[in-house]
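**Q** Dropping the structure in here first, questions after.
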Amino acid sequence: MNTAFTVEHIVGFLLVSIRVGTWLWLSPPFGGRLVPGKVKVAVSLAISLPLTSPAVEAAGTVPTTTGALVWAAVQQVIIGGALGLVCLSLLSAVQAAGALIDLFGGFSIAQAYDPMLMQQSSVMARVYQLLATVLMLVTGAHILLMQGLAGTFDALPIDGSLDLAATATTVTDAVSTMFVSALQIAGPLIGIAFLADVALGLMTRVAPALNAFSLGLPIKIGLTLVLIALAVPMLPPAVLGLSEDAVAAMAGIVGGG
């Protein structure tokens, strides 16, 4: 068995690892500060190794000169960043839904400093983000995303360039889908929280001596916690559906959709 590596394979491995590493740095569940940088580098190299030979075969020519290699590396950073951005945008819908629940459920007043994100973070937004990460690993959505990333090397080889118009359209659609998905996930809880506010307002009109603020806040928080417990079983199919949308968005960026 011939195991010799040619210059084209070494350069191809470098370019593949750049695209994969840039994507991995942004895309859930590996993106963000939860995963250490050394682990991201190791995972990106491990993913890039089996993708190198197919990527070199799909490419017409592998750049070997200094100028062409630098330009190809820049292209891979741009491509990997665009692919990671659409994945991050779509899969952030669960965290955005948690932020909406914080706002309407009364948890937004209990913000704390998150040392992982290096910023102030509300309770349910953080819980939903971690829950989405766990569900991606449990349902196998991360494997689906990796398969979608591997398919981009056939549609857009390592010697190709990104279509900026198609990328802008796909990213815009992904952000729009993220907002709609966040509203769909948090919508029922927001509606019930609104009805609770209306009921408390009517109760205050009937009994003005009641302090609506001191009475309503614990009621809304308790009601929100009960509704979240009922809504958690519906999150796995939502996360899997968002992952499928992310794969379709990646295909749209590279021209394979």
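**Q** If the requirement is being of a type in the set (Asp, Glu), touching a residue at least 40 places away in the same chain (Cβ under 8 Å), touching a helix residue (DSSP H, G or I) at 6+ places or on another chain (Cβ under 9 Å) and surrounded by 18 or more Cβ atoms within 10 Å (Cβ to Cβ), which of these qualifies: 173, 245?
**A** Numbers: 173 fails: surrounded by 18 or more Cβ atoms within 10 Å (Cβ to Cβ).
Step by step, each of 173, 245 is checked, and only 245 is of a type in the set (Asp, Glu), touching a residue at least 40 places away in the same chain (Cβ under 8 Å), touching a helix residue (DSSP H, G or I) at 6+ places or on another chain (Cβ under 9 Å) and surrounded by 18 or more Cβ atoms within 10 Å (Cβ to Cβ).
**Q** Could you check, for the stretch 227-237, whether at least one of its residues is within 21 Å of residue 107 (Cβ to Cβ), within 17 Å of the chain's Cα centre (by Cα) and modelled with pLDDT of 85 or more?
**A** yes
**Q** Would it be correct to say that residue 94 is out of contact with any Phe, Trp or Tyr (no Cβ under 6 Å at 6 or more places or on another chain), aliphatic (A, V, I, L, M) and either modelled with pLDDT of 85 or more or in a loop (DSSP other than H, G, I, E, B) (or both)? Show your work before the answer.
**A** Details: out of contact with any Phe, Trp or Tyr (no Cβ under 6 Å at 6 or more places or on another chain): no; aliphatic (A, V, I, L, M): yes; either modelled with pLDDT of 85 or more or in a loop (DSSP other than H, G, I, E, B) (or both): yes.
So residue 94 fails the test.
Here's the yes/no breakdown for (1) modelled with pLDDT of 90 or more; (2) in a helix (DSSP H, G or I); (3) aliphatic (A, V, I, L, M); (4) within 30 Å of residue 132 (Cβ to Cβ):
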site: 54; (1), (2), (3), (4): no, yes, no, no
site: 57; (1), (2), (3), (4): no, yes, no, no
site: 63; (1), (2), (3), (4): no, no, no, no
site: 68; (1), (2), (3), (4): no, yes, yes, no
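**Q** Sticking with this structure for a sec: Restrict the check to the stretch 184-192 and report whether at least one residue is without any contact (Cβ under 8 Å) to a residue 40 or more places away in the chain and either among the aliphatic types (A, V, I, L, M) or under 13 Å from residue 249 (Cβ atoms) (or both).
**A** Yes; the residues of the stretch 184-192 include at least one that is without any contact (Cβ under 8 Å) to a residue 40 or more places away in the chain and either among the aliphatic types (A, V, I, L, M) or under 13 Å from residue 249 (Cβ atoms) (or both).
**Q** Another question, if that's okay. Across the stretch 158-205, what is the number of residues that are under 14 Å from residue 246 (Cα atoms) and either acidic (Asp, Glu) or not in a helix (DSSP H, G or I) (or both)?
**A** 1
**Q** I'd like to know if the stretch 158-165 contains one or more residues that are hydroxyl-bearing (Ser, Thr, Tyr) and surrounded by 19 or more Cβ atoms within 10 Å (Cβ to Cβ). Even if it seems obvious, please write down each step before you answer.
**A** Kept after step one, since they are hydroxyl-bearing (Ser, Thr, Tyr), are these residues of the stretch 158-165: 161.
Retained after the next criterion (residues that are surrounded by 19 or more Cβ atoms within 10 Å (Cβ to Cβ)): none.
No.
**Q** Return the residues of the stretch 228-240 that are touching a residue at least 60 places away in the same chain (Cβ under 8 Å) and surrounded by 14 or more Cβ atoms within 10 Å (Cβ to Cβ); say none if nothing qualifies. Spell out how you get there, then give the answer.
**A** Here is the first cut: in the stretch 228-240, the residues touching a residue at least 60 places away in the same chain (Cβ under 8 Å) are 228, 232, 235-236, 238-240.
Passing the criteria: 228, 235, 236, 238, 239, 240.
**Q** Of the residues that sit in the stretch 108-157 and are among the charged types (D, E, K, R) and surrounded by fewer than 19 Cβ atoms within 10 Å (Cβ to Cβ), which one is modelled with the lowest pLDDT?
**A** 114
The values are calculated or read from the model by the stated rules, or taken from the named source; none is laboratory data. Keep in mind it's a predicted model, so treat the numbers as computed, not measured. Backbone-built Cβ (ideal geometry, glycine too); neighbour counts: all protein chains shown.
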